[in-house]
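Enquirer: Questions regarding the structure given below will be posed in turn.
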Amino acid sequence: MSAAPSAFSAVSSTLNTWLLRPWAKPLLWLVCALPMAALIAAGFAGQLGANPTDKFIKETGEWALRWLWLTLAITPLRELASLPGLLRHRRALGVTAFAYALVHFLSYAWFDQGWVVDDIVADVFKRNFILVGMLALLVMLPLALTSFNAAIRAIGGRRWQALHKLAYAVALLGLLHFYWKKSAKNDLTEVAVYAAILAVLLGWRVIRKGGVLAMLRVR
């Protein structure tokens, strides 16, 4: 009867050891860079389809969501799988989500709007999904800028935790941005998948903490 828990404990212990190795973070950064490198390589090779710039903008945006969802998955995975070492890598995933979101915006500003600021501003206020996407990126900015140890020491642990609760708002804004973009083409299958995963990630927190307000409270 104790064989299965013992095996699980042994696997968790081994994984935690690996997660704390000096090479774990550089390896994670390499893995995080691979989708971007693949997209750029595919672009130069002419393998992004009939509309490569549109494909690049779309893919960088979706990868931003994937990395953000993975960031939010760290806490439940840490507890459910007994992997405290995962926490060491959460900020790297969050910064990666921001980097992909920033490239998503910059590629839109370049390929779609030609760096014309007036056109970008007009488009932001003309199309709701772009406005929501911009809000998500702006909320992500202070989170990315404070995702290092010196920032935590400077603003204090409790303030840092309160600030980074905004990640939940970013996720909801990102999902709304994705929904409005896809709804224009009546293509909501992917949106439903992302929404279901986010519902699980946030729902677990609500249940675990005892309510939405408790989830948002800094302890």
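Enquirer: Leaving out ligands and nucleic acids, and using a 1.4 Å probe, what accessible area per residue does the chain come to in Å²?
Expert: Working: 12720 Å² over 219 residues.
Per-residue accessible area for the chain comes out at 58 Å².
Enquirer: Let me ask another. Tell me which aspartates and glutamates have Cα within less than 15 Å of Lys182's Cα, excluding those fewer than 8 residues away on the same chain?
Expert: Those aspartates and glutamates meeting the cut-off are Asp54, Glu59, Glu62, Glu190.
Enquirer: Angle between the Cα long axis of helix 189-209 and the longest principal axis of the chain, 0 to 90 degrees, nearest 10?
Expert: Tilt of helix 189-209: around 40 degrees.
Enquirer: Heavy atoms only, 1.4 Å probe, whole protein assembly: order Asp118, Asp123 by accessible area, highest first. Let's see the in-between values first.
Expert: On the way: Asp118 120, Asp123 20 Å².
Listed by decreasing accessible area, they come as Asp118, Asp123.
Enquirer: First select every other residue whose beta carbon is under 12 angstrom from the beta carbon of Ala167; then total the charges, Lys and Arg +1, Asp and Glu -1. Before the final figure, lay out each step's value.
Expert: Numbers: positive: Arg90, Arg91, Lys165, Arg205; negative: none.
Neighbourhood net charge equals +4.
Enquirer: Given DSSP loops and a limit of at most 14 other Cβ atoms within 10 Å, what is the longest stretch of the chain that contains no such chymotrypsin sites (Phe, Trp or Tyr not before Pro)?
Expert: Numbers: sites that count: Trp23, Trp115, Phe148.
That gives 24-114 as the longest site-free run.
Enquirer: Another question, then. For Ile130, Ile155, give me the order by solvent-accessible area with a 1.4 Å probe, most accessible first, ignoring ligands, DNA and RNA. Provide the component values of the computation, followed by the final result.
Expert: Values: Ile130 15, Ile155 55 Å².
Greatest to least solvent exposure: Ile155, Ile130.
Enquirer: Using only Cα atoms, tell me the angle between helix 128-145 and the longest principal axis of the chain; keep it within 0 to 90° and round to the nearest 10.
Expert: For 128-145 against the chain, the angle is about 50 degrees.
Enquirer: Would you mind checking the tilt of helix 24-44 against the longest principal axis of the Cα atoms of the chain, expressed as 0 to 90 degrees and rounded to 10?
Expert: The answer is roughly 20 degrees.
Enquirer: Under 17 Å from a point 7 Å along the Cα-to-Cβ line of Val11: which residues of region 67-89 have their amide N that close?
Expert: Taking a point 7 Å out along Cα→Cβ of Val11, the residues of region 67-89 whose backbone N falls under 17 Å are 77-86.
Enquirer: Need the C-alpha centroid separation for region 109-173 versus region 183-219, integer Å.
Expert: When both Cα centres are located, 19 Å separates them.
Enquirer: A further question follows. Take the alpha carbon gyration tensor of region 6-83, find the square roots of its eigenvalues, order them as a ≥ b ≥ c, and report rounded if a/c is under 1.5; if not, report prolate when a/b exceeds b/c, else oblate. Provide the component values of the computation, followed by the final result.
Expert: On the way: a/c = 3.70, a/b = 2.35, b/c = 1.57.
Prolate shape, in that a/c is at least 1.5 and a/b is the bigger ratio.
Enquirer: Follow-up question, since we're still on this one. Given the -39500 (n - 2.57) contribution per DSSP H run of 4+ residues, what per-residue ellipticity at 222 nm results for the chain, rounded to the nearest 500 deg cm²/dmol?
Expert: Numbers: 11 runs with 172 residues, N = 219.
Computed mean residue ellipticity for the chain: -26000 deg cm²/dmol.
Enquirer: State, to one decimal in nm, how far the label point of Phe129 lies from the label point of Phe111, with both points 7 Å from Cα in the Cβ direction.
Expert: Computed distance between label sites Phe129 and Phe111 equals 1.5 nm.
The values are calculated or read from the model by the stated rules, or taken from the named source; none is laboratory data. All values reported here derive from a predicted model rather than from experimental measurement. Neighbour counts are summed over all protein chains in view; Cβ atoms, including those assigned to glycine, are modelled from backbone coordinates with ideal geometry. Ligands, DNA and RNA are excluded from the accessible area calculation, which covers all protein heavy atoms including side chains. Shrake-Rupley method; radii C 1.70, N 1.55, O 1.52, S 1.80 Å.
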